[in-house]
Amino acid sequence: MPSPVVLKVVNRRLAELTRQYTAIRKGDPRALAIAEELSQIGTVRDEIQRIQEKLGCSGRPPKSSPSESPTVETLLRRMDKLARQFAATPREYPGRSEIVNEITRLTFLADSLLKSKNSQ
């Protein structure tokens with residue numbers, strides 16, 4: 001299964017933050033903010049990769065009509081859109097953490113959908 005765009009965006013952001021973190025002094029308050037963001041993005045990336053691995057094992061879910069509950073595929077598309085929005089948002093923007101929270105929420109929802117589908 002090819003890597004979704006969301007993983008490419010997240011990995012690119014992780015690399016950029018890592019370069020910034022190593023370039024500034026560790027006692028600098030900016031370094032603490034970068035380290036916190038690195039941690040958040042790393043967690044999101046790990047969850048997305050875990051779901052992608054599960055999808056590779058169980059196959060792609062069938063497409064659903066808009067009236068049905070969301071599929072893992074639709075959730076991944078939404079996460080992809082949010083990751084692009086996250087990458088385009090300046091670090092100082094106050095709503096940036098809400099984007100990370102929404103990606104995390106969608107990740108957990110996709111994981112629970114996979115678990116319920118696998119238990120059937």
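Quick one: net charge of ILE48's neighbours, Cβ under 15 Å, K/R +1, D/E -1? Display every interim value, and only then the final one.
Numbers: positive: LYS8, ARG12, ARG13, ARG45, ARG50, LYS54, ARG77, ARG78, LYS81, ARG84, ARG105; negative: ASP46, GLU47, GLU53, GLU73, ASP80, GLU102, ASP111.
So the surrounding residues net to +4.
Quick one: order ILE48, ILE24, ILE99 by neighbouring beta-carbon count within 10 Å, fewest to most. Working shown, then result.
Values: ILE48 24, ILE24 12, ILE99 17.
Listed from fewest to most nearby Cβ atoms, that is ILE24, ILE99, ILE48.
Rank the residues PHE86, PHE108 as a footprinting-exposure proxy: fewest other Cβ atoms within 10 Å of their Cβ go first.
So the ranking, lowest neighbour count to highest, is PHE108, PHE86.
Give, as a single signed number, the net charge of other residues whose beta carbon lies under 12 Å from the beta carbon of ASN118, with Lys and Arg counted +1 and Asp and Glu -1. Mind dumping the intermediate values first?
On the way: positive: LYS54, LYS115, LYS117; negative: ASP111.
Here the charged neighbours net out to +2.
To make sure I understand, if each residue's beta carbon is the centre and we count other beta carbons within 10 Å, what order do ASP28, ASP111 fall in, fewest to most? Display every interim value, and only then the final one.
Details: ASP28 11, ASP111 16.
Fewest to most other Cβ atoms nearby, the residues stand as ASP28, ASP111.
Where a number appears in this text, it was derived from the coordinates with a stated rule and is not lab data. These numbers were taken from a predicted model, which means no experiment stands behind them. Please note: Cβ atoms are built from the backbone with ideal geometry, for glycine as well, and neighbour counts cover all protein chains shown.
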